[in-house]
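Single-structure report; data block below.
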Amino acid sequence: MAWVIVNGKFINRTEAKVDIEDRGYQFGDGVYEVIRVYNGVMFTAKEHMDRFSRSADNIGIKLPYTQEQLRNLLDQLIDKNNLRLGIIYLQITRGTAPRNHAFPAANIIPNLVAYTKELEIPTATLHSGVKAVLTEDIRWLRCDIKSLNLLGNSLAKQKAVEHGCYEAIQHRGEVITEGSSSNILLVKDGVVITHPSNQLILKGITKDVILELCAEHRIPVEERSFTIRELEQADELFLTSTTSEVTPIVAVNARQVGRGVPGPLTRRLQSLFKQRIEAQCGSL
Ligand code: PSZ
C-alpha cells in the first residue's frame, strides 16, 4: 500500500482527494519541491527545505511545520513506503476557500501533501547525453519561486517532445535562461558558465552542488547571462536537475554541441556529483 501525507496525517493514496475549491487546483496558488531519495535517504534535504520555506514565504503562505518537523514527517513517509530509490513530491497550497482572486481571510488553513515515487537513476541518458530544442521563455518574472503554475514549463517541454528531444532550453530574446525543468550550464575553454540565480530562473539545488564542487576543485565558474550564440559555440553543454542529475546535452536544434558526445569536464562533474551523493546517502 502506498502512504501519502495530507495535512500531517498518513493516509492511503486512494483516499487522498482534492477539494474543487483548493486554491492550488483553481489558481496554481501554491509551491512545491521534488526531493531525491537514494538508499532511503533524502539528498540535500536541508537545501530543499530552505527553498520550500523561501517559495512559501515569497507568496505569503505560512508553513504549518518547522523544517525539522517537516523533515521528520518525510522521513516517516520514506520508511512507511519502504522507499529506497526514488523521489518525494511535496506541495503546499494556500488552502480551500470560495473562488476569489484575492487571498481569502488570513485564518485560511493551507493544504500540504506529500507522496513518494520509485525512480531509477537515468543511466542511459547520463551516459549518452540528450538532445534539446530552443524555445522562447514565455514565463512570468518570478521563476525563482517554485510555483505550481507550470503551464509555461509544460508548453516548453511538450515542444521538446514533439521534436524528439529530452529538454527545451528557454531564452528571453538572446539570453538563455534555463530548461523547462532543469538548469543549463555550458563549458567554454575550461570555464563553466551559467545564468545567475536571480528572478528569471529557479535556483537549482543540483546546479548549486555543481558550483560548490567546481569551487572545491578549482574549476573556474562564471555566473552570468550568456547568449544563444555562446551556447551554439560551447565546447560542452549539460543540464542539471534533481532527477536528471548531470545530463550531457549533445545536440541543440539538431546541431551538435562540441564533438557531439559528452565532454570531459561534464564527465568529471558527473563523477564528482556521484561521490557527493554517496557521501550523503551511501554507496550507489
Ligand atoms: O522529475 C522531474 O522531471 C524534475 S525533478 C526537478 C525538476 C524536474 N526540475 C527542477 C527545476 C525546474 O523545474 C526549473 C524550471 N529549473 C531548474 C530545475 C532544477 O532544480 P533542482 O536541481 O533543484 O531540481
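The values are calculated or read from the model by the stated rules, or taken from the named source; none is laboratory data. The structure presented is a predicted model; accordingly, all values stated were derived computationally and were not measured. All Cβ positions, glycine included, derive from the backbone under ideal geometry; neighbour counts span all protein chains shown. Surface areas here come from the heavy atoms of the whole protein model, side chains and all, with no ligands, DNA or RNA. Shrake-Rupley method; radii C 1.70, N 1.55, O 1.52, S 1.80 Å.
Calculate how steeply helix 205-216 sits against the longest principal axis of the alpha-carbon atoms of the chain, using the helix alpha-carbon long axis, and give the answer as 0 to 90 degrees to the nearest 10.
The answer is roughly 50 degrees.
Treating only the Cβ atoms of Lys and Arg (+1) and Asp and Glu (-1) as charged, compute the dipole magnitude of region 1-116 about its Cα centre; round to the nearest 20 debye.
Values: 14 positive and 12 negative charges, 21 e Å.
So the dipole magnitude of region 1-116 works out to roughly 100 debye.
In nanometres, what is the gap between the two model label sites at Val261 and Ser283, each 7 Å from Cα along Cα-to-Cβ?
2.9
If contacts are Cα pairs under 8 angstrom and at least 6 residues apart, what is the relative contact order of the chain in percent? Kindly include the intermediate steps, with their values, before the conclusion.
Values: 559 pairs, mean separation 51.9, N = 284.
It rounds to 18 percent for the chain.
Distance from a point 7 Å along Cα→Cβ of Asn7 to each backbone N in region 86-105: keep the residues under 11 Å and list them by number.
95-97
Just how much of Ile59 is accessible, in Å², when a 1.4 Å probe is used and the result is rounded to the nearest 10?
30
Between Asn107 and Glu15, what FRET efficiency follows from the Cβ-Cβ distance if R0 is 35 Å, with the result rounded to 0.05?
Numbers: r = 26 Å, r/R0 = 0.75.
Plugging the Cβ-Cβ distance into 1/(1 + (r/R0)^6) gives 0.85.
For the pair Gln67/Leu85, report the inter-label distance in nm, with labels modelled 7 Å from Cα in the Cβ direction.
2.9
Would you please put 153-163, 202-212, 171-181 in order of how densely packed they are, using the mean number of other Cβ atoms within 10 angstrom per residue and starting with the highest?
Values: 153-163: 16.4, 202-212: 21.1, 171-181: 19.5.
Averaged packing, sorted descending, gives the order 202-212, 171-181, 153-163.
How would region 1-82 be classified by its alpha-carbon gyration tensor: rounded, prolate or oblate, with rounded meaning a/c under 1.5 and the a/b versus b/c comparison settling the rest?
Details: a/c = 2.03, a/b = 1.13, b/c = 1.80.
Judged from the Cα gyration tensor, region 1-82 comes out oblate (a/c at least 1.5, b/c at or above a/b).
Nothing charged except the Cβ atoms of Lys and Arg (+1) and of Asp and Glu (-1): what's the magnitude of the dipole of the chain about its Cα centre? Round to the nearest 20 debye.
Working: 34 positive and 33 negative charges, 53 e Å.
So the dipole magnitude of the chain works out to roughly 260 debye.
Any idea what the alpha-carbon Rg over 2.2 N^0.38 Å comes to for the chain? Could you put the intermediate results ahead of the total?
On the way: Rg = 19.3 Å, N = 284, 2.2 N^0.38 = 18.8 Å.
My calculation over the Cα atoms of the chain gives 1.03.
Could you give each residue of region 170-187 its phi-based ³J(HN,Hα) in whole Hz, using Karplus coefficients 6.51, -1.76, 1.60 with θ = phi - 60°, and x for Gly or Pro?
Calculated HN-Hα couplings, in order: 8, 9, 9, x, 7, 8, 6, 9, 7, x, 5, 8, 6, 9, 10, 10, 10, 10 Hz.
I'd like to check one number: the per residue accessible area of the chain, probe 1.4 Å, reported in Å² as a whole number. Please report the intermediate quantities before stating the final value.
Numbers: 13910 Å² over 284 residues.
With the other protein chains kept in place, the chain gives 49 Å² per residue.
Can you give the Rg to Rh ratio of region 202-284, both from alpha-carbon atoms, with Rh computed by the Kirkwood formula?
On the way: Rg = 13.4 Å, Rh = 13.7 Å.
With Rg and the Kirkwood Rh in hand, the quotient comes to 0.97.
Per residue, how much space in cubic angstrom lies within the convex hull of the C-alpha atoms of region 57-116?
Values: hull volume 6.4 nm³, N = 60.
Convex hull volume per residue, Cα atoms: 107 Å³.
Tell me the carbon and sulfur percent of the accessible area for the chain, rounded to whole percent, probe radius 1.4 Å.
Values: 7230 of 13910 Å².
The C+S portion of the solvent-accessible surface of the chain is 52 percent.
Summing -39500 (n - 2.57) over the DSSP H runs of n ≥ 4 in the chain and dividing by its residue number, what mean residue ellipticity at 222 nm do you reach, to the nearest 500 deg cm²/dmol? Don't skip to the end; give the middle numbers.
Details: 8 runs with 86 residues, N = 284.
That calculation yields -9000 deg cm²/dmol at 222 nm.
Using every alpha carbon pair in region 194-246, what percent of pairs falls into each 5 Å bin from 0 up to the bin containing the largest distance?
4, 16, 25, 29, 21, 4
Just name one of Cys165, Cys143, Gly179: the one whose Cα is farthest towards the positive end of the charge dipole of region 132-194 (beta-carbon charges, Lys/Arg +1, Asp/Glu -1).
Cys143
Between Gln199 and His127, what is the FRET efficiency for a Förster distance of 35 Å, r being their Cβ-Cβ separation, to the nearest 0.05? Please report the intermediate quantities before stating the final value.
Working: r = 35 Å, r/R0 = 0.99.
Calculated value: 0.50.
If you take every residue apart from Leu284 with its C-beta less than 12 Å away from the C-beta of Leu284, what net charge results, scoring Lys and Arg +1 and Asp and Glu -1?
Details: positive: Arg36, Arg84, Lys274, Arg276; negative: Glu120, Glu245, Glu278.
Net local charge, Leu284 excluded: +1.
Contour minus end-to-end for Arg229 and Leu141, with contour as 0.36 nm per residue of separation and end-to-end as the Cα-Cα distance? Spell out each step's value before the answer.
Values: separation 88, 0.36 × 88 = 31.68 nm, distance 2.33 nm.
Fully extending the segment from Arg229 to Leu141 adds 29.3 nm.
How large is the dipole of region 145-247 about the Cα centre if only Lys and Arg carry +1 and Asp and Glu carry -1, each at its Cβ, rounded to the nearest 20 debye?
On the way: 10 positive and 15 negative charges, 79 e Å.
With only Lys, Arg, Asp and Glu charged at Cβ, the dipole is about 380 debye.
Given a cut-off of under 8 Å on Cα pairs at least six residues apart, what relative contact order in percent is computed for region 169-284?
Working: 186 pairs, mean separation 28.6, N = 116.
Value for region 169-284: 25 percent.
Near Lys157, which lysines are there with a Cα under 25 Å away, not counting those fewer than 8 places off in the same chain?
Lys117, Lys131, Lys146, Lys203, Lys207
Gly179's amide H: which non-local residues (gap 5+, or another chain) put their own amide H closer than 5 Å, with H modeled 1.01 Å from N in plane and none for Pro or chain starts?
Result for Gly179 returns Gln170, Ile184.
Using θ = phi - 60° and the Karplus relation 6.51 cos²θ - 1.76 cosθ + 1.60, list the HN-Hα couplings for region 253-258 in order, rounded to whole Hz, with x at every Gly or Pro.
6, 6, 9, 6, 9, x
Hey, if you put +1 on the Cβ of every Lys and Arg and -1 on every Asp and Glu Cβ in the chain, which of Asn253, Asn72, Cys281 ends up farthest toward the positive end of that dipole?
Of the options given, the answer is Asn72.
Among Ala124, Ala105, Phe52, flag the residue with its Cα farthest along the positive direction of the charge dipole of region 27-164, charges on Cβ as +1 for Lys/Arg and -1 for Asp/Glu.
About the Cα centre, the residue reaching furthest to the positive side is Ala105.
Let me understand region 77-168 better: what is its radius of gyration from the alpha carbons, and its Dmax, in angstrom?
18.1, 52
Rounded to the nearest 10 degrees, what's the angle between the helix 151-162 long axis and the longest principal axis of the chain, both from Cα atoms, 0 to 90?
Roughly 50 degrees, rounded to the nearest 10.
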